[in-house]
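Laboratory data are not the source of any read-out in this text; all were calculated from the coordinates shown. Note that the coordinates shown come from a computational prediction; the quantities given were computed from them, not determined experimentally. So basically every Cβ, Gly included, is an ideal-geometry build from the backbone, and we count neighbours across all protein chains shown.
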Amino acid sequence: MRELTEAEHWKVDEVLGDYRSKLERDFSGTDLPFYMWDGIWAYILTGREVGGFLTSVFECDFKSMCRNADSENRRHLADYGNLLYWMPASASGSREIVREWQSGGGMRGVYERQLRERSTEVIGDE
């Protein structure tokens, strides 16, 4: 698989920034604890591993969410449900889906693969 050019890396960064801005607007009315957002963004954008509570959110494991939530997050379980609604569908739903999202590099990995595939198609069409 070919490496991305510097311009393509910049494009990926731009797209991820736009995506994050969109999600921030969508969630501007929620009261999710501020200290959770770094983990949320890292997981969505890069597939980074997160702690037990957020992992259970992304896995849609309600029992584990309740068990792993601190007192602040317990008050926001419904808001986490809304978060799942706005996230990419391929980023949440089960333990297997979460592991696949992480190993694939999150949204960054998705966009990088799309760029590579597009350039391969263009080269193959010539």
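Couple of notes before you dig in:
- Among ILE97, ILE44, a tally of other beta-carbon atoms within 10 Å of each Cβ gives an order, fewest to most, of ILE97, ILE44.
- Convex hull volume per residue, computed on the Cα atoms of the chain, equals 112 Å³.
- The label-point distance for ARG113 and HIS9, in a model that sets each label 7 Å from Cα toward Cβ, rounds to 2.1 nm.
- Each Lys and Arg Cβ is given +1 and each Asp and Glu Cβ -1; about its Cα centre, the stretch 57-100 then shows a dipole of about 140 debye.
- When the chain is treated as a GNM with alpha-carbon contacts under 10 Å, the residue of GLY39, GLY109, GLY17 showing the greatest mean-square fluctuation is GLY17.
- For the chain, the 222 nm mean residue ellipticity estimated from helices alone, with every DSSP H stretch of n ≥ 4 adding -39500 (n - 2.57) and the total spread over all residues, rounds to -21000 deg cm²/dmol.
- Computed E for ARG99/ASP38 - FRET, C-beta separation, R0 22 angstrom, nearest 0.05: 0.60
- Per-residue ³J(HN,Hα) for the stretch 23-28, Karplus 6.51 cos²θ - 1.76 cosθ + 1.60, θ = phi - 60°, Hz, x for Gly and Pro: 5, 4, 5, 4, 9, 5
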